[in-house]
Amino acid sequence: AEQLGIPLSNQEYRQFFRSLRAAHRASTACLLRELYGCQNPLVRRLDEYENHGAIPEGPICSELPGTPFFPDFCTFSFYRCTRKRYFIKV
């Protein structure tokens, strides 16, 4: 069993994003996030799935140059959506 709140492995990310491979599908998921916010039940389920059942709280560390952390997972997810960098992990 995986620890709650940790990011998916590379293989799990491939499975997670399989249905979002087409750019329009990923854009649709991001549009849902933008329109309804992170508290929307569907968006929360996607975030929980991506993090083994628990959305991480607090600051999210990143390996991105110039962007070492985000205040929360929602902000991190919005960043990925706006930059179209869906596979960025923490």
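The values are calculated or read from the model by the stated rules, or taken from the named source; none is laboratory data. It should be emphasised that the depicted structure is a prediction, and the values quoted were computed from it without experimental measurement. Here the Cβ positions follow ideal geometry from the backbone for every residue, glycine too, while neighbour counts run over all protein chains shown. Note: areas computed on protein heavy atoms with side chains; ligands, DNA, RNA excluded. Shrake-Rupley method; radii C 1.70, N 1.55, O 1.52, S 1.80 Å.
How many residues does the stretch 73-87 contain that are assigned to a loop (DSSP other than H, G, I, E, B) and surrounded by fewer than 16 Cβ atoms within 10 Å (Cβ to Cβ)? Count: 3. Figure legend. Inter-residue proximity from the stretch 1-20: first residues of a type in the set (Gly, Ala, Ser) and modelled with pLDDT of 75 or more, second residues surrounded by 12 or more Cβ atoms within 10 Å (Cβ to Cβ) and not in a helix (DSSP H, G or I), beta-carbon distance below 7 Å, spacing 6+ or different chains. Indicated pairs: Gly5/Asn51; Gly5/His52; Gly5/Ala54; Gly5/Pro56.
When restricted to residues that are within 17 Å of Tyr79 (Cβ to Cβ), part of a helix (DSSP H, G or I) and not acidic (Asp, Glu), the stretch 36-65 contains 2.
Just give me the residues in the stretch 34-54 being open to solvent by 40 Å² or more (accessible area, probe 1.4 Å) and either in contact with an Asp or Glu (Cβ under 7 Å, 6 or more places away or on another chain) or in contact (Cβ under 8 Å) with a residue 12 or more places away in the chain (or both), in sequence order. Across the stretch 34-54, the qualifying residues are Glu34, Leu46, Tyr49, Gly53.
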